[in-house]
Amino acid sequence: MKRCVVLGTLLIAGAVSMTLAAFQQPAQPAEKIIEVDKLKDNLYVLKGGGGNTAVFITTKGVIVVDTKNPGWGQPILDKIKTLTDKPVTTIINTHTHGDHVSGNVEFPASVDVMVQENTKKYMEQTNPVYGLQTTQPESIFKKNNGRGLPKRTFKDTWTMGSGGDQIDLRYFGPAHTGGDAFVIFVAHRVMHVGDTMPTRDLPIMDKNNGGSGVSYSGTIAKAAAMKNVDTIINGHNPTTTTPADLKLYSEFIADFVKFVQDAKKAGKTIDDVVNTWKTPAKYTGYAEPTTDEQRKARADRIRSDAQVIWDETK
């Protein structure tokens, strides 16, 4: 029981932190600490400073998935040097948000950057607006003269490498954004899902960058049905999860979508949704707010997601 309480607290803290940041550039700590989780002999997860970063050491070099907030690119590179002498050859970004792509600009210009084709378009925006933001910050890529922008894209499927080095990239449709890439480390049966499942709480449905509330559940259900995956790296969750967890998360999203749609059909308002939505009891271990700050953050997230679904529902 104590372990469940601690885990629930961690998940709430992570979800609230994401909501408050809303993909804006938060104040950075004086010391940038990255924690390392070893999943396999050549596959690691780097935590801290934004979204979870995967580091895959291949025979030809290092492939990095997601590069965290501004200022965290060099700490990622420094941490990689403690794991291998091989150079970074490729970055894969799961989606466009600043807490997953901003470190790109600190990597050598020779590093290849790969994304889903819609994400390239979003990353090239001069003044992007993400998630719950209400202002238009200048693009970090514009500030750095285009450094770190994608050089290659894929549409629906792509394979990189072969044998033990193989990575499969998949796109299943709009969810968190319109360009969410699922990155599969084939030999290890591990998949990085980015923020399509950030934590066990409501995600951000970023309509400004192609995200969809109505399509969300179906999109990630397709990812959960992949037959060659046992372990999932989430966008921000402190531990890995499983395809069964992702399938349950798709059901959680579907329940929320139905709740919003039923409210609209009944002539209710989005305020009614905000005031009455509760996580169904069957989703054990999902984050629930316990402080006023957490409750406000949750309300902001519910309102934002409900508006996206409301606008998509005729």
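The values are calculated or read from the model by the stated rules, or taken from the named source; none is laboratory data. All values derive from a computational prediction rather than experimental measurement. Here the Cβ positions follow ideal geometry from the backbone for every residue, glycine too, while neighbour counts run over all protein chains shown. Side chains are part of the model used for accessible areas, which takes the heavy atoms of the whole protein and leaves out ligands, DNA and RNA. Shrake-Rupley method; radii C 1.70, N 1.55, O 1.52, S 1.80 Å.
Helix hunt in the chain: which complete DSSP H runs extend at least 27 Å axially by C-alpha with mean Kyte-Doolittle at least 1.0?
Working: long enough: 2-21 (29 Å, 1.53); 243-265 (33 Å, -0.11); 292-312 (30 Å, -1.57).
TM-like helix candidates: 2-21.
Sketch the reach of a paramagnetic label on Asp292 as a point 7 Å from Cα along Cα-to-Cβ, and name the residues of segment 126-144 whose backbone nitrogen lies under 13 Å away.
In segment 126-144, the label zone of Asp292 (backbone N under 13 Å from the point 7 Å along Cα→Cβ) covers no residue.
Which residue fluctuates most in the GNM of the chain (Cα springs below 10 Å): Gly161, Gly178, Gly48?
In the Gaussian network model the winner is Gly161.
Per residue, what accessible area does the chain have, given a 1.4 Å probe and all protein chains present, in Å²?
Working: 13490 Å² over 314 residues.
Value for the chain: 43 Å² per residue.
Taking the Cα centre of each part, how many Å lie between segment 103-139 and segment 168-231?
18
Just from its helices, what would the mean residue ellipticity at 222 nm be for the chain, if runs of 4 or more DSSP H residues each count -39500 (n - 2.57) and the sum is divided by every residue, rounded to the nearest 500 deg cm²/dmol?
On the way: 9 runs with 104 residues, N = 314.
That calculation yields -10000 deg cm²/dmol at 222 nm.
Looking at the chain as a GNM with Cα springs under 10 Å, which of Ala254, Ala54, Ala263 has the largest mean-square fluctuation?
Ala263
Structure shown: which of Lys68/Lys278; Lys121/Lys207; Lys32/Lys143; Lys79/Lys222; Lys155/Lys314 lie over 25 Å apart, alpha-carbon to alpha-carbon? Write down the numbers at each step before the final one.
Numbers: Lys68/Lys278 31 Å; Lys121/Lys207 14 Å; Lys32/Lys143 22 Å; Lys79/Lys222 34 Å; Lys155/Lys314 29 Å.
Those over the limit are Lys68/Lys278; Lys79/Lys222; Lys155/Lys314.
Once amide H atoms are placed 1.01 Å from N in the peptide plane, what residues at a sequence separation of 5 or more from Leu39, or on another chain, have their amide H within under 5 Å of its amide H?
Placed amide hydrogens put Tyr44, Val45 under 5 Å from Leu39.
What residues of segment 73-88 lie in the reach of a label at Ala187, counting those whose backbone N is under 17 Å from a point 7 Å from the Cα along Cα→Cβ?
Answer for segment 73-88: 84-87.
Just tell me which aspartates and glutamates come within less than 15 Å, Cα to Cα, of Lys47; anything on the same chain fewer than 8 places away is out.
In chain and number order, the partners are Glu31, Glu35, Asp37, Asp66, Asp78, Asp99, Asp195.
Work out how much length Lys265 to Lys278 would gain on full extension: take 0.36 nm times their residue separation and subtract the Cα-Cα distance, in nm to one decimal. If you can, show how the numbers build up before the last one.
On the way: separation 13, 0.36 × 13 = 4.68 nm, distance 1.90 nm.
Length gained between Lys265 and Lys278: 2.8 nm.
Using 7 Å Cα-to-Cβ label points, what is the Asp78/Arg152 separation (nm, one decimal)?
With each label placed 7 Å out from Cα toward Cβ, I get 3.0 nm.
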